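The values are calculated or read from the model by the stated rules, or taken from the named source; none is laboratory data. Just so it is clear, the model here is predicted, and its values are computed rather than measured. Every residue, glycine among them, receives a Cβ derived from its backbone with ideal geometry; neighbour counts consider all protein chains shown.
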Amino acid sequence: MYNSKITAFANYLPPKAVTNDDLSLMVETNDEWIRTRTGISQRHVSTGETAADLCIKAAQKLIEKSGTDPLEIDMILVATITPDYSTPNTACLVQAAIGADNAFAFDISAACSGFVYAMSVADKYIKSGAAKKIMVFGSEVLSAITDWTDRSSCVLFGDGAGGVIVQASEECAGVIAEDIHSIGADGLKLTGNALFIDTPFFDNDKEKQPYLKMDGKAIFTFATKRVPQSVCAVLEKAGVSKDEIAYIVPHQANYRIVEAMAKKLDMPVEKFFMNIENCGNTSSASIPIALADMDDRGLLKKGDKIVITGFGGGLTWGSLLIEL
Ligand code: UT7
């Protein structure tokens with residue numbers, strides 16, 4: 001049986017950066033509130049680029065960095081909640097743009113856990129022998145489903161894409177353990193882009209709800225309870241101690257959530273990689289954006305064990321323990 005080794009990392013952020021001060025000109029907020037409540041100083045925002053456009057840029061970087069022939073790729077997965085279309089899926093748009101003619105391609109929708117879910121799927125395809133070289137992305141244009149008049153949400157989100165190449169390998173343990181959950185009963189605590197049915201056959205008297213809406217406090221409590229449990233679960237399954245972990249790479253939702261997680265896990269907060277200051281919350285893209293950022297900074301070393309952990313809409317959450 002092959003293992004799932006990550007062999008390359010890349011990300012792409014749209015060039016336009018919007019600072020907290022910029023937002024304070026649009027809604028009643030200020031830099032101090034946003035920084036102290038969330039850890040965010042700025043976010044990158046699309047000026048017309050779609051999730052596929054951002055993902056294609058990240059894919060091209062991956063190909064360039066790794067010297068991969070696109071024809072060697074046999075599968076493309078894109079985690080997103082802001083696809084360009086219901087169909088074609090974002091992954092097919094990426095496949096066409098990079099000429100990965102031998103790949104099959106589909107999207108995964110699990111909000112801020114999307115990349116963890118997609119990596120879990122990729123791992124199964126590698127372990128079953130059904131695929132040998134997979135591109136796995138998270139890509140979001142959350143700005144398109146953000147209510148820019150609502151200060152409680154518009155300060156949180158950003159746009160961007162990140163991805164990895166996962167390859168069948170006999171020399172590296174790759175994905176060692178996983179812990180993945182959903183709790184659909186709490187799903188309406190975080191919603192976005194609700195389908196609005198208004199047809200010649202049905203006169204909808206409800207309000208259209210195109211924007212991201214969440215019960216921030218409930219999600220905060222959910223994340224600080226469930227994520228530490230999930231991190232402990234993967235470590236336990238693998239018989240790996242906290243000290244053996246080089247980094248935990250959490251979904252970048254709020255610096256305070258990560259502080260609370262570190263406390264619950266009794267681990268130094270420095271072990272949790274954070275780049276929320278620059279990117280905001282980019283949902284399914286946040287973990288692969290962070291991984292590529294770490295790779296660029298030389299923080300990811302061969303043989304290191306890391307945990308990626310996501311949580312959010314669905315509600316969904318999950319962690320993977322990975323040897324690099
Ligand atoms: O990625 C998907 C998962 N999502 C998350 O993980 C998000 C989890 N939740 C959170 O990160 C936090 O709950 C938020 C950052 C969303 C909010 O932080 P909070 O400490 O829970 O603030 P709050 O909603 O309780 O609001 C506190 C006060 C309120 O004013 P009053 O009622 O105390 O007078 C808000 O109206 O802060 C006010 N407020 C703001 N003030 C300035 C809310 N948004 C803003 C703002 N600027 N942008």
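Filtering the stretch 143-161 down to residues that are buried (at least 16 other Cβ atoms within 10 Å of the Cβ) and touching a helix residue (DSSP H, G or I) at 6+ places or on another chain (Cβ under 6 Å), which residue is farthest from Trp33 (Cα to Cα)? So, considering only residues that are buried (at least 16 other Cβ atoms within 10 Å of the Cβ) and touching a helix residue (DSSP H, G or I) at 6+ places or on another chain (Cβ under 6 Å), the one farthest from Trp33 (Cα to Cα) is Ala161. Quick one: is Val164 away from the ligand (no atom under 16 Å from the Cβ), surrounded by 12 or more Cβ atoms within 10 Å (Cβ to Cβ) and assigned by TED's automatic domain parsing to the domain that holds Pro14? Here the answer is yes, as Val164 does meet what is asked. Any residue at all in the stretch 228-247 that's within 14 Å of the ligand (Cβ to nearest atom) and among the basic types (Lys, Arg)? No: the stretch 228-247 contains no residue that is within 14 Å of the ligand (Cβ to nearest atom) and among the basic types (Lys, Arg). Within the stretch 203-224, being in contact with a helix residue (DSSP H, G or I) (Cβ under 8 Å, 6 or more places away or on another chain) and among the basic types (Lys, Arg) holds for one residue alone: Lys213. May I ask you to verify whether Asp123 is within 14 Å of the ligand (Cβ to nearest atom), in a helix (DSSP H, G or I) and out of contact with any Asp or Glu (no Cβ under 7 Å at 6 or more places or on another chain)? No: the conditions fail for Asp123.
Scanning the stretch 167-185 for residues that are more than 23 Å from Ile245 (Cβ to Cβ) and surrounded by fewer than 16 Cβ atoms within 10 Å (Cβ to Cβ) returns Glu170, Ser182, Ile183, Gly184, Ala185. For the stretch 240-282, taking the residues that are under 23 Å from Thr36 (Cβ atoms) and among the β-branched types (Val, Ile, Thr), the one that is farthest from the chain's Cα centre (by Cα) is identified as Val269. Answer yes or no as to whether Ala223 is surrounded by 21 or more Cβ atoms within 10 Å (Cβ to Cβ), under 20 Å from the mean Cα position of the chain (by Cα), aliphatic (A, V, I, L, M) and not assigned by TED's automatic domain parsing to the domain that holds Ser120. In short, yes. Checking the stretch 273-288 against the condition returns no match, with no residue being farther than 24 Å from Ser152 by Cα, of a type in the set (Phe, Trp, Tyr) and touching a Pro at 6+ places or on another chain (Cβ under 7 Å).
Among the residues of the stretch 186-201 satisfying the criterion of being assigned to a strand (DSSP E or B) and within 16 Å of the ligand (Cβ to nearest atom), which is surrounded by the most Cβ atoms within 10 Å (Cβ to Cβ)? The qualifying residue surrounded by the most Cβ atoms within 10 Å (Cβ to Cβ) is Leu190. Might you check whether a residue that is over 20 Å from the mean Cα position of the chain (by Cα) and without any contact (Cβ under 8 Å) to a residue 40 or more places away in the chain occurs anywhere in the stretch 136-155? No - not one qualifying residue is present in the stretch 136-155.
For Cys92, the conditions (1) surrounded by 15 or more Cβ atoms within 10 Å (Cβ to Cβ); (2) within 16 Å of the ligand (Cβ to nearest atom); (3) not aliphatic (A, V, I, L, M) all hold with the exception of (2).
Counted as qualifying within the stretch 1-109 are the helices (runs of 4 or more DSSP H) with 1 or more residues that are in contact with a Gly (Cβ under 6 Å, 6 or more places away or on another chain), namely 51-66. Taking the stated definitions as given, is Val121 touching a Phe, Trp or Tyr at 6+ places or on another chain (Cβ under 6 Å), surrounded by 14 or more Cβ atoms within 10 Å (Cβ to Cβ) and over 27 Å from Leu23 (Cα atoms)? In short, no. Being hydrophobic (A, V, I, L, M, F, W, C), on the phi < 0 side of the Ramachandran plot and in a helix (DSSP H, G or I) is a property that does not hold for Val136. Anything in the stretch 31-48 that is within 16 Å of Val258 (Cα to Cα) and of a type in the set (Lys, Arg)? List them, or say none. If the condition is that a residue be within 16 Å of Val258 (Cα to Cα) and of a type in the set (Lys, Arg), then Arg35, Arg37 are the ones that fit. The listed residues are Asp107, Asp53, Asp21, Asp31, and the only one of them that is within 16 Å of the ligand (Cβ to nearest atom), without any contact (Cβ under 8 Å) to a residue 60 or more places away in the chain and either closer than 30 Å to Leu299 by Cα or surrounded by 15 or more Cβ atoms within 10 Å (Cβ to Cβ) (or both) turns out to be Asp31. Report whether or not Met26 is out of contact with any Lys or Arg (no Cβ under 6 Å at 6 or more places or on another chain) and more than 24 Å from Asn254 (Cα to Cα). Taking the combined requirement at face value, the residue does not satisfy it.
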